[in-house]
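Undergrad: For reference, the structure I am asking about is given below.
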Amino acid sequence: MSLNNEIVQEKLVAKFGDQVSQFATSYGMLSFESPKEINLKVLQFLYDEPSLEFTFLTDICAVNYPNQTGAELVVVYHLHNLKENIRLRYSVSTSLENTDVYTATKLFESANWMERETYDFFGINFVGHPNLKRILNVDEMDYFPLRKEFPLEDQTRIDKDDEMFGRG
Amino acid sequence: MEHNHITLPEGSIEKTTTTLNIGPTHPATHGVFQNIMEVDGERIVSSDQTVGYIHRAFEKLAERRPLYQITPITDRLNYCSSPINNMGWHITCEKFLNIETPKRVDYLRVIIMELARISDHLICNSIVGVDTGAYTGFLYVMQYRELIYEIYEEICGSRLTTNIGRIGGFERNFTNTAFTKLEKFLNEYPKVLKEFESLFTRNRIFMERTQGTGGISAERAMNYGFTGPNLRAAGVDYDVRVHQPYSSYQDFNFTVPVGTTGDNYDRFLVRNAEMWESISIIRQAYEKVQAFKGAEAEIYHADVPEYYLPKKEDVYTKMEALIWHFKIIMGEIDLPKGQIYCPVEGGNGELGFYLISDGGRTPFRLHFRRPCFIYYQAYPELIKGGMLSDAVVTMSSLNLIAGELDA
């Protein structure tokens, strides 16, 4: 166990300077951010650098923060170095108007469906993805359901007066 | 003599392959999976999957529920081992809220989780048997899954969608009947597992059907995000219980079985070996639980009044208990701000919970890392060039659970 969060942070800062920011450690996991334009460079560096080797992509998902103007959507990558057994969280943010983020499918095969899921629910346009279409929802859906602008059903709504719904 | 080969007239059938649709509901898929395959005779040229038929928007639902109401949602992910999902969720919440659970709770949880792992692997391996033409094993071991379900029933009252445990511990202490049933299972099951193994492991027909089909190399498996028994069958000894111990797994002695070729046969062997390890872990945990004496032997939850419901008689007689009861039930307790990713070793891989809270009563965002959603993408690569009948075996040996895949 020679690698730790501080070394990872040092190496990232040495390589990318002030483009990587917001370093924080919560519950033992290092997290940081970068502009979305360099997401592939960061992922590739973490993958290739002999002492880092974050070669296992645990998860990709997105979060919608409606109050962060210009950075409403955040794509979160969870990476894992299986040899040193160390995880990190890396995120890039994007606006609602331009949701382009470069795809990680060339680096990780597993990113294919994770990005399709993220597109399906948040409308992140992964540039260069081989097959970016909806995966869990129906193809005809014309909105992105996990964005905060789509509220959950109001329990007090009265238009469902069908007896079959138990509100008769 | 310019055209001495046969040219088909315009518009005639030139395709040499056949398009075959399997699913979404088909006896061979064991779940709601659709595959559209191009087959040349019986060889698979390519295939395309459709998923999402039982998508239920769990992540959106979770955004309106207080933590304890999310547990029943996790039941419905991998319903072959729902206690692991429940415990995984509770462990995530406890880590997030900095709740320290007593050792006895940890050991009881380990017992339940390993029972769930056995029932999960049991189903998967016996279904592989069914798909290779051996129904006996499946029918035989079902009886022992029943014993496991009876233990669940004794502890939490339900069998499949268990909603077992609470944040901080269990809803009630294990009864003596539960321990008697556990002993019965521990006495009877190893013999059955031995017999199950001797039915399959060196069975000529079974070996020829499973060896060399659906194989994957360790590098590809990692690149595809494989976890759990499927990754270990390819030769990577990654197990969350060892790499990031939760629920006091560091107190137990067990080995992590690995395979080499990552094919259907290795996956079968790895799962069988894991069941033996699970039995051994349960025995160790049961011993540790029995070693608690006096008041310690009665502990079944942590002292967290904000999240653990007070006793019913206290609710009727004590003001404070009544207040906590009301606040918990109505979901009026604000969570701290923060983010956490917490993985557990599920029945078929690393089940992760990514919880983001903005300080409200419900999660701001909750994402489930569902192992089989991620490794199912490798399926076309696993079956390409193989026989159609092997593709069926490959699908069941991957341990795909539609409920988890579609979330």
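Undergrad: Would you mind checking segment B:117-160 for residues with the amide N under 16 Å from a putative spin-label position 7 Å along Cα→C-beta of B:Ser280?
TA: B:118
Undergrad: What translational D, rounded to a whole number of µm²/s, comes out for the protein assembly as shown from Stokes-Einstein when the hydrodynamic radius is the Kirkwood one over Cα pairs, at 4 °C and 1.567 mPa s?
TA: 51 µm²/s
Undergrad: Let me ask something else about it. Could you work out the percent of alpha carbon pairs in segment A:5-150 separated by over 22 Å, rounded to a whole number?
TA: Summing the P(r) tail past 22 Å for segment A:5-150 gives 38 percent.
Undergrad: I've got another one for you. Go through segment B:278-345 and name the GluC sites (Glu not before Pro) that are in a DSSP coil and have 15 or fewer other Cβ atoms within 10 Å of their Cβ.
TA: B:Glu306, B:Glu332
Undergrad: Next question, about the same structure. Once phi is turned into ³J(HN,Hα) by the Karplus curve 6.51 cos²θ - 1.76 cosθ + 1.60 with θ = phi - 60°, what whole-Hz value does each residue of segment B:163-174 show in order, with x for glycine and proline?
TA: Listing the rounded values in order: 6, 8, x, 9, 5, x, x, 10, 6, 8, 6, 5 Hz.
Undergrad: Based on DSSP loop calls and a cut-off of at most 10 other Cβ atoms within 10 Å, the longest stretch of chain B free of exposed trypsin sites (Lys or Arg not before Pro) is what? Mind showing how you got there, number by number?
TA: Details: sites that count: B:Lys15, B:Arg202, B:Lys293.
It runs B:16-201.
Undergrad: What does the average come to when, for each residue of peptide B:112-123, you count the partner chain Cβ atoms lying within 10 Å of its Cβ?
TA: 0
Undergrad: Could you tell me which of rounded, prolate or oblate describes segment B:253-382, using a ≥ b ≥ c as the square roots of the eigenvalues of the alpha-carbon gyration tensor, with rounded for a/c under 1.5 and, failing that, prolate when a/b is larger than b/c and oblate otherwise?
TA: Judged from the Cα gyration tensor, segment B:253-382 comes out oblate (a/c at least 1.5, b/c at or above a/b).
Undergrad: Averaged over A:102-115, how many beta carbons belonging to a partner chain fall within 10 Å of each residue's beta carbon? Intermediate values should be presented prior to the final figure.
TA: Working: counts 0, 0, 0, 0, 0, 1, 4, 10, 11, 5, 5, 10, 5, 0.
Per-residue shielding by partner chains comes out at 4.
Undergrad: Using the Cβ atoms and a cut-off under 12 Å, what net charge is assigned to the surroundings of A:Leu40, where Lys and Arg are +1 and Asp and Glu are -1?
TA: Around A:Leu40, the charge tally is +1.
Undergrad: Also, quick follow-up: What is the extension gain from B:Asn253 to B:Thr25, computed as 0.36 nm multiplied by their sequence separation minus the C-alpha to C-alpha distance, in nm to one decimal?
TA: Here the segment from B:Asn253 to B:Thr25 would lengthen by 77.9 nm.
Undergrad: I've got another one for you. With N denoting the number of residues in chain B, provide Rg(C-alpha) divided by 2.2 N^0.38 Å, to two decimal places. Show your work: numbers first, answer last.
TA: Values: Rg = 23.7 Å, N = 407, 2.2 N^0.38 = 21.6 Å.
In units of the globular-protein estimate, chain B measures up at 1.10.
Undergrad: Further question on the same structure: About the Cα centre, and with charges only on the beta carbon of Lys, Arg (+1) and Asp, Glu (-1), how big is the dipole of segment A:87-140? Nearest 20 debye, please.
TA: The calculation lands at about 280 debye.
Undergrad: Considering amide H positions built from the backbone, and no H for Pro or chain starts, which residues 5 or more places from A:Ile86, or on another chain, come under 5 Å of its amide H?
TA: When sequence neighbours closer than 5 places are left aside, the close amide H contacts are A:Asn81.
Undergrad: If the chain between B:Thr177 and B:Phe292 were fully stretched, how many nm would it gain, using 0.36 nm times the residue separation less the Cα-Cα distance?
TA: Using 0.36 nm per residue and subtracting the Cα-Cα distance, I get 39.6 nm.
Undergrad: Now for a separate question. Round to the nearest 10 and give me the degree value, 0 to 90, for the angle of helix B:388-397's Cα axis relative to the longest principal axis of chain B.
TA: 10 degrees
Undergrad: Using the Karplus curve 6.51 cos²θ - 1.76 cosθ + 1.60 with θ = phi - 60°, what ³J(HN,Hα) values do you get for each residue of segment B:317-329, in whole Hz, with x for Gly and Pro?
TA: After applying 6.51 cos²θ - 1.76 cosθ + 1.60, I find 10, 10, 4, 4, 4, 4, 4, 4, 4, 4, 5, 5, 5 Hz.
Undergrad: Cut-off 10 angstrom, C-alpha nodes, Gaussian network model of chain A. Which of A:Leu82, A:Leu146, A:Leu30 fluctuates the most?
TA: A:Leu82
Undergrad: If I fit a long axis through the Cα atoms of helix B:264-291 and take the longest principal axis of the Cα atoms of chain B, what angle between them do I get, 0 to 90°, rounded to 10?
TA: Long axis of B:264-291 versus the principal axis of chain B: about 10 degrees.
Undergrad: Work through the residues other than B:Leu67 whose Cβ is under 11 Å from its Cβ and net out their charges, Lys, Arg +1 and Asp, Glu -1.
TA: Working: positive: B:Arg65, B:Arg166, B:Arg361; negative: B:Glu94, B:Glu306.
Surrounding charge for B:Leu67 is +1.
Undergrad: Say we join alpha carbon atoms closer than 10 Å with springs in a Gaussian network model of chain A; which of A:Leu79, A:Leu107, A:Leu136 then has the biggest fluctuation?
TA: Largest GNM mean-square fluctuation: A:Leu136.
Undergrad: Sort B:Tyr53, B:Tyr375, B:Tyr107 so that the residue with the fewest other Cβ atoms within 10 Å of its own Cβ comes first and the one with the most comes last.
TA: In increasing order of surrounding Cβ atoms, one gets B:Tyr53, B:Tyr107, B:Tyr375.
Undergrad: With the cut-off at 24 Å, tell me which of the pairs A:Lys106/B:Lys15; A:Lys83/A:Lys133; B:Lys184/B:Lys288; B:Lys184/B:Lys312; A:Lys83/A:Lys106; A:Lys41/A:Lys148 have Cα atoms farther apart than that.
TA: Violating the 24 Å limit, Cα to Cα: A:Lys106/B:Lys15; A:Lys83/A:Lys133; B:Lys184/B:Lys312; A:Lys41/A:Lys148.
Undergrad: Nearest 10 degrees, 0 to 90: what angle lies between the long axis of helix A:5-16 and the longest principal axis of chain A (Cα atoms)?
TA: 90 degrees
Undergrad: Which of B:Val270, B:Ile73, B:Ala407 sits closest to the plus end of the dipole of the protein assembly as shown, meaning its Cα is farthest towards the positive end, when Lys and Arg get +1 and Asp and Glu get -1 on the C-beta?
TA: B:Val270
Undergrad: A further question follows. Can you pull the mean other chain C-beta count within 10 Å for peptide B:315-326?
TA: Neighbouring Cβ atoms belonging to other protein chains average 0 per residue here.
Undergrad: In the protein assembly as shown, with Lys and Arg counted as +1 and Asp and Glu as -1 at Cβ, which of these residues, A:Asn131, B:Ile22, B:His301, has the Cα nearest the positive end of the dipole, that is, farthest along it?
TA: B:His301
Undergrad: Return the calculated 222 nm mean residue ellipticity for the protein assembly as shown, to the nearest 500 deg cm²/dmol, obtained by summing -39500 (n - 2.57) across DSSP H runs with n ≥ 4 and dividing by the residue count.
TA: Only helices count here, giving -12500 deg cm²/dmol.
Undergrad: Mind running the shape call on segment B:7-148? Use the C-alpha gyration tensor, a ≥ b ≥ c as the square roots of the eigenvalues: rounded below 1.5 for a/c, prolate if a/b tops b/c, oblate otherwise.
TA: oblate
Undergrad: As I understand it, the dipole of the protein assembly as shown uses +1 on the Cβ of Lys and Arg and -1 on the Cβ of Asp and Glu, about the Cα centre. Which of B:Pro363, B:Leu186, B:Met330 lies farthest toward its positive end?
TA: The listed residue farthest towards the positive side: B:Leu186.
Bear in mind that the values in this text are calculations on the coordinates, not laboratory data. Keep in mind it's a predicted model, so treat the numbers as computed, not measured. Backbone-built Cβ (ideal geometry, glycine too); neighbour counts: all protein chains shown.
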